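Q: Encoded as structure tokens, here's the structure I'll be asking about.
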Amino acid sequence: MDKNKSTLKNTLKKATIEMLLLKLLMEEDMYGYQLTQELKKRSGGIYTILEGSMYPILYRLSDQNYISFYETKVGKRQTRVYYHIEKTGMDYFRQLEQSYQEYSDLINFLLHSGEGDMYEP
């Protein structure tokens, strides 16, 4: 993959990661590694995110009260941090999804429009 294509892919990924993480958390509470693996599995390995770049997003969502977290003991000494979406997070997800859809519709129109065509939302 050339550098320009890779940069564009990363920019698009950054624009959608919050929405995708919230979508997964709407289905069930998950821990960090589980979130990364679920995105990877559902995308057939195409959409991957490093845990190190995902955690700052989860922390920000938590600071904004969109998600919360709790620890569960796994084994004798290990704990696992699960993330849980709050009602405010569900509302935020719906706003993100609507904005994404509107923008995606506009871009799709522009890509397939001709001279004299005008977008009508």
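Q: Within the set of pairs 6 or more residues apart or between chains, which connect a residue that is without any contact (Cβ under 8 Å) to a residue 12 or more places away in the chain inside the stretch 35-52 to a residue that is of a type outside the set (Lys, Arg) with Cβ atoms less than 9 Å apart?
A: Cβ pairs passing all conditions: Lys40/Ile46; Lys40/Tyr47; Lys40/Thr48; Lys40/Ile49; Arg42/Leu24.
Q: Taking the stretch 56-103 only, how many residues are in a strand (DSSP E or B), loosely packed, with under 12 Cβ neighbours inside 10 Å and of a type in the set (Phe, Trp, Tyr)?
A: So the answer is 1.
Q: Quick one: would you say Ile17 is within 12 Å of the chain's Cα centre (by Cα) and within 22 Å of Arg94 (Cβ to Cβ)?
A: When the stated conditions are applied, Ile17 passes them.
Q: Against the definition (of a type in the set (Ser, Thr, Tyr), within 18 Å of the chain's Cα centre (by Cα) and modelled with pLDDT under 95), how does Thr88 come out, yes or no?
A: When the stated conditions are applied, Thr88 does not pass them.
Q: Quick one: is Leu50 aliphatic (A, V, I, L, M) and at pLDDT 90 or above?
A: Taking the combined requirement at face value, the residue does not satisfy it.
The values are calculated or read from the model by the stated rules, or taken from the named source; none is laboratory data. This structure is a prediction, so every number in the text was calculated from the model and none was measured. Cβ coordinates were reconstructed from backbone atoms using ideal geometry, including for glycine residues, and neighbour counts include every protein chain displayed.
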